[in-house]
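J.: Below you'll find the structure I mean.
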Amino acid sequence: MPELPEVETVCRGLRPKLEGHVLISVTQRRPDLRFPMPPDFVARLSGRRIESLSRRAKFMLATLDDGTVLIAHLGMSGRMTMHDGLPPPHGPHDHVEFVTDAGCTIRFCDPRRFGLMDLTTTAELHRHRMLRDLGPEPLSGGFSPGYLDKALAGRRTPIKSALLDQKVVAGLGNIYVCEALFRAGVSPRRSAYTVPGRRTRKLVPIIRDVLEEAIAAGGSSLRDYVQASGELGYFQHRWQVYGREGEPCGHGAAPGGPNRACDGEIRRITQGGRSTFYCGRHQR
């Protein structure tokens, strides 16, 4: 599933094509995706100007000139594609299509239909069922060691599961939690309540660093994810732990430094139905 860096990358790619432009045509080719779409979906969007395109957690938010907000989630296999000028014929999984006054066609393709699109208003956005319980953005000032200390206090779930809880922090996903915990030297199996203190002071800036690096790299391309431009992300080439089961850990000082690299081995376990990759020697 696309995580925060992938969704942020898609938003950044779409902004020049959508912000300030009018939707002269909206085509809806099925009544539902993961959930039924609003019955007046096309009517409420057609002819409206998109004032801004932003992201909250893994959701894209398009705010229109009448206060309507389009909420979109890519799901497991969803992608947004852009076509300037005459677009190619639509495919069987191109479920929603937007055409702007600049002649750009943006299609939402979702073979598995785990994505979603819904409509709300700016006044009701914070109460929307998908957004109302979300924690702070990990790249915002609200996500601090002090905040995380309080959020983890008394939690006996593994720290990895706690960080994947969208009520604790919004937008973090499996890949980037694995990477951050590895860099911070924190075991994904460690009980969350034991992390506050020196570990959160190290972990919070590392989470930010991992996400910012991934955004700069265009995200990680897995299965169906591509940028809105059609390009692949390449952060997967920088993974230090994810997907490296059986490989040597190698974590340590730079070549020529005073410390030897960790000679442990990357392991894979399952937590909450998801694969976790970590080094039991380096991460404690």
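J.: Against the conditions (1) charged (D, E, K, R); (2) farther than 27 Å from ASP133 by Cβ; (3) surrounded by 15 or more Cβ atoms within 10 Å (Cβ to Cβ), where does ARG30 fall short? Just the number, please.
T.: So ARG30 meets the others, but not (3).
J.: Which of the residues belonging to the stretch 181-210 are surrounded by 24 or more Cβ atoms within 10 Å (Cβ to Cβ) and farther than 20 Å from ALA153 by Cβ?
T.: Those that are surrounded by 24 or more Cβ atoms within 10 Å (Cβ to Cβ) and farther than 20 Å from ALA153 by Cβ: PHE182, VAL210.
J.: Still on this structure, I have one more. I need a count of the residues in the stretch 137-151 that are among the charged types (D, E, K, R) and either in contact with a Cys (Cβ under 8 Å, 6 or more places away or on another chain) or in a loop (DSSP other than H, G, I, E, B) (or both).
T.: 1
J.: May I pose another question? How many residues does the stretch 152-180 hold that are touching a helix residue (DSSP H, G or I) at 6+ places or on another chain (Cβ under 8 Å), part of a helix (DSSP H, G or I) and surrounded by 21 or more Cβ atoms within 10 Å (Cβ to Cβ)?
T.: Residues in the stretch 152-180 being touching a helix residue (DSSP H, G or I) at 6+ places or on another chain (Cβ under 8 Å), part of a helix (DSSP H, G or I) and surrounded by 21 or more Cβ atoms within 10 Å (Cβ to Cβ): 10 in total.
J.: Follow-up. Would you mind stating whether ARG208 is modelled with pLDDT of 95 or more and assigned to a helix (DSSP H, G or I)?
T.: Taking the combined requirement at face value, the residue satisfies it.
J.: Next up: In the list PRO92, PRO38, PRO111, which residue meets the criterion of being in contact (Cβ under 8 Å) with a residue 24 or more places away in the chain and more than 30 Å from LEU211 (Cα to Cα)?
T.: Details: PRO92 fails: in contact (Cβ under 8 Å) with a residue 24 or more places away in the chain; PRO111 fails: more than 30 Å from LEU211 (Cα to Cα).
Selected residue: PRO38, the only one of PRO92, PRO38, PRO111 that is in contact (Cβ under 8 Å) with a residue 24 or more places away in the chain and more than 30 Å from LEU211 (Cα to Cα).
J.: If you don't mind, there's one more thing I want to ask. Can you tell me how many residues in the stretch 50-85 are in contact with a helix residue (DSSP H, G or I) (Cβ under 9 Å, 6 or more places away or on another chain) and surrounded by fewer than 18 Cβ atoms within 10 Å (Cβ to Cβ)?
T.: 5
J.: Determine if the stretch 83-94 includes at least one residue that is modelled with pLDDT of 95 or more, within 24 Å of ILE175 (Cα to Cα), out of contact with any His (no Cβ under 7 Å at 6 or more places or on another chain) and of a type outside the set (A, V, I, L, M, F, W, C).
T.: Among the residues of the stretch 83-94, not one is modelled with pLDDT of 95 or more, within 24 Å of ILE175 (Cα to Cα), out of contact with any His (no Cβ under 7 Å at 6 or more places or on another chain) and of a type outside the set (A, V, I, L, M, F, W, C), which makes the answer no.
J.: Go over the candidates ASP133, ASP149 one by one and state the one that is under 21 Å from VAL177 (Cβ atoms), surrounded by fewer than 16 Cβ atoms within 10 Å (Cβ to Cβ) and either assigned by TED's automatic domain parsing to the domain that holds LEU53 or acidic (Asp, Glu) (or both).
T.: Among ASP133, ASP149, only ASP133 is under 21 Å from VAL177 (Cβ atoms), surrounded by fewer than 16 Cβ atoms within 10 Å (Cβ to Cβ) and either assigned by TED's automatic domain parsing to the domain that holds LEU53 or acidic (Asp, Glu) (or both).
J.: Looking only at residues in the stretch 211-235 that are crowded, with 17+ Cβ neighbours inside 10 Å and not in a loop (DSSP other than H, G, I, E, B), which one is modelled with the highest pLDDT?
T.: LEU211
The values are calculated or read from the model by the stated rules, or taken from the named source; none is laboratory data. Every value quoted in this text rests on a predicted model; they were computed, and no experiment measured them. Cβ: placed from backbone, ideal geometry, glycine included. Neighbour counts: every protein chain shown.
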